[in-house]
Amino acid sequence: MAASSTTAFTASLACAKPDSLIFLRRSAGGFGIRSIARPLRSQRLRRGRIRCEAATDIGVKGASNSRASSISALEQFKALGSDRYMKERSSIAVIGLSVHTAPVEMREKLAVPEALWSRAIGELCNLNHIEEAAVLSTCNRMEIYVVALSWHRGIREVMEWMSKTSGIPVSELRDHLFMLRDSDATRHLFEVAAGLDSLVLGEGQILAQVKQVVKVAQSSGGLGKNIDRLFKDAISTGKKVRTETNISSGAVSVSSAAVELALMKLPASYALSARMLLIGAGKMGKLVIKHLAAKGCKRVVVVNPSIAKVDAIREELEDIEIIYKPLTELFSSAAEADVVFTSTASETPLFLKEHVENLPPVSENFGGFRLFVDISVPRNVGSCVSDVKTARLYNVDDLKEVVEANKEDRLRKAMEAQAIITKELKSFEAWRDSLETVPTIKKLRSYAERIKSAELEKCIQKMGDDVLTKKVRRAVEDLASGIVNKLLHGPLQHLRCDGSDSRTLDETLENMHALNRMFSLDTEKAILEQKIKAKVEKVQS
């Protein structure tokens, strides 16, 4: 880290003023597109930047002096006290964009493949003010969840990380990002897991993706205590919402919405007889076939690099004929199709304007247009295909049209879901609040142990070696320990609670603050010093 960056970091620990940030205000219903308040000004963002210096090939630069700067930051904190930090508890935050706030072109640049989630978590946790992190990246969203030592500084670091990994300037990103903090961030993830923030209400696939975040992180040891509990509570909330509200009835995934959109665009009398082509036999592709079968389609051609996955789908879905074609027959298969679904992990488009222009025309029975329904991110069909007169192109953003039906029923189910989410949110926040008493318990016991040790030493010196046998020494030590334990029993009992009862929790927190004052435990400063010290040790290692 350069000298100027070191200066900026140490100064920021003591006295940096917060930048104005982008906040998305939530409506009473708690879901849908949220309005954006005052944006960050890029010139303020550039001033006093704090950069992640972890050496990786996702795009974050290596550091030469990060160890020295972090140690300097710790010393600065010890010297100045850092009152701003004392008033600020570590925040849970989510920074990201979704189908509601950003076009597919931007989402695909920011997308992080599942194979790189663990590495991204490591990079984020190496940022100076980030303690814990998780990445949720799907075709409809890219969201980063963090526990930030400092809200303003942590958000700034994550924004810069996103800019570096995507190549999109911060000034452009900020117009599409949403940022939520603490209870708003928690509620957002619960809504995501419940399917309230999806294009299709109650979508089941997103819950599986949230589960995958936990699975991947556990295998790499990536999630910290707060984020781990946050995601696990979100998963249980998502399950409870689906069970108790039946919110997942109807079109519940991007794949099912894609099928509904295609059938909606075809003449009703000919829709089920249209020649269906699917490119890609992964999870999304399999769901497309499943929903085509559920709608009554009897035949689908599948283009895939290998036949193994297609055979596996054949064994599971017996109500629809599945014809396999190798990738070499991509364009000849498209020439014989009326509807083309694309769902692959290809980094480059499979179809461009010149490819589609050379395909034979579609029968007037199907409107004279060949439909391309692209549910991949990055996109499999170039936007230039929209210029072909005989083609109609739809991507994941166009699926909004499908979910406009039954708004009244959707809102009713969403309101029921919000009641469940509110209850689960209170439970999570109570658990997190209950963690505040742990440092006080440790500090109070440590305080008592120091007094015990000091008084024991005095007593032993007064008694002298001539009377201090092993048996007597053990008896004196046991006496001192017994007195300490009995005196601490009452205060410690009043500091312990599981966070399930808000009244008990309030009383416990009052007791904690009272003990902090009475014994001058200075817990908040100790916690912060411990966190910064942990950052220093991480850099040193």
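The values are calculated or read from the model by the stated rules, or taken from the named source; none is laboratory data. Since we're looking at a predicted model, the values are computed, not measured. No Cβ is skipped: glycine too gets one built from the backbone with ideal geometry, and neighbour counts run over all protein chains shown. To get the accessible areas, we keep the full protein, side chains included, count just its heavy atoms, and leave off ligands, DNA and RNA. Shrake-Rupley method; radii C 1.70, N 1.55, O 1.52, S 1.80 Å.
If you go through segment 181-196 and keep only what is among the acidic types (Asp, Glu) and either closer than 17 Å to residue 247 by Cα or under 12 Å from the mean Cα position of the chain (by Cα) (or both), you end up with just 191. So, of the residues in segment 332-345 that are small (Gly, Ala, Ser) and open to solvent by 30 Å² or more (accessible area, probe 1.4 Å), which turns out to be farthest from the chain's Cα centre (by Cα)? Going through the qualifying residues, I end up with 332.
Just for segment 137-172: of the residues that are open to solvent by 10 Å² or more (accessible area, probe 1.4 Å) and among the hydroxyl-bearing types (Ser, Thr, Tyr), which one is nearest to residue 254 (Cα to Cα)? If we take residues in segment 137-172 being open to solvent by 10 Å² or more (accessible area, probe 1.4 Å) and among the hydroxyl-bearing types (Ser, Thr, Tyr), then 138 is nearest to residue 254 (Cα to Cα). Answer yes or no as to whether residue 412 is more than 20 Å from residue 274 (Cβ to Cβ) and at pLDDT 80 or above. Judged against the criteria, residue 412 is a match. Residues that are part of a strand (DSSP E or B) and not aliphatic (A, V, I, L, M) were ranked within segment 120-137; the one that is nearest to residue 198 (Cα to Cα) is 137.
Taking only segment 229-249 into account, find how many residues are open to solvent by less than 50 Å² (accessible area, probe 1.4 Å) and assigned to a helix (DSSP H, G or I). Summing the residues that are open to solvent by less than 50 Å² (accessible area, probe 1.4 Å) and assigned to a helix (DSSP H, G or I) in segment 229-249 gives 10. Quick check, is residue 269 open to solvent by 10 Å² or more (accessible area, probe 1.4 Å) and among the hydroxyl-bearing types (Ser, Thr, Tyr)? Answer is yes for this residue.
Close contacts from segment 138-162, counting a first residue that is part of a helix (DSSP H, G or I) and of a type in the set (A, V, I, L, M) and a second that is modelled with pLDDT of 90 or more and open to solvent by 10 Å² or more (accessible area, probe 1.4 Å), with Cβ to Cβ under 7 Å and a gap of 6+ residues or different chains, come to 159/170. When 380, 358, 365, 406 are checked against the criterion of being open to solvent by 30 Å² or more (accessible area, probe 1.4 Å) and modelled with pLDDT of 90 or more, 358 stands alone in meeting it. Annotation note: of 115, 111, 134, 93, the sole residue that is open to solvent by 20 Å² or more (accessible area, probe 1.4 Å) and at pLDDT 90 or above is 111.
Residues in segment 310-329 that are buried (at least 18 other Cβ atoms within 10 Å of the Cβ) and outside any strand (DSSP E or B): 310, 313, 320.
Here residue 288 clears all of (1) within 23 Å of residue 369 (Cβ to Cβ); (2) in contact with a Lys or Arg (Cβ under 7 Å, 6 or more places away or on another chain); (3) hydrophobic (A, V, I, L, M, F, W, C) except the condition numbered (2). When segment 330-352 is filtered for residues that are assigned to a loop (DSSP other than H, G, I, E, B) and closer than 29 Å to residue 270 by Cβ, the ones remaining, listed by number, are 336, 337, 338, 343, 344, 349, 350, 352. Might you check whether a residue that is closer than 30 Å to residue 132 by Cβ, part of a loop (DSSP other than H, G, I, E, B) and among the hydroxyl-bearing types (Ser, Thr, Tyr) occurs anywhere in segment 250-258? Yes, segment 250-258 has at least one match. Residue 223 passes every criterion in (1) touching a residue at least 40 places away in the same chain (Cβ under 8 Å); (2) in a helix (DSSP H, G or I); (3) within 19 Å of the chain's Cα centre (by Cα) apart from (2).
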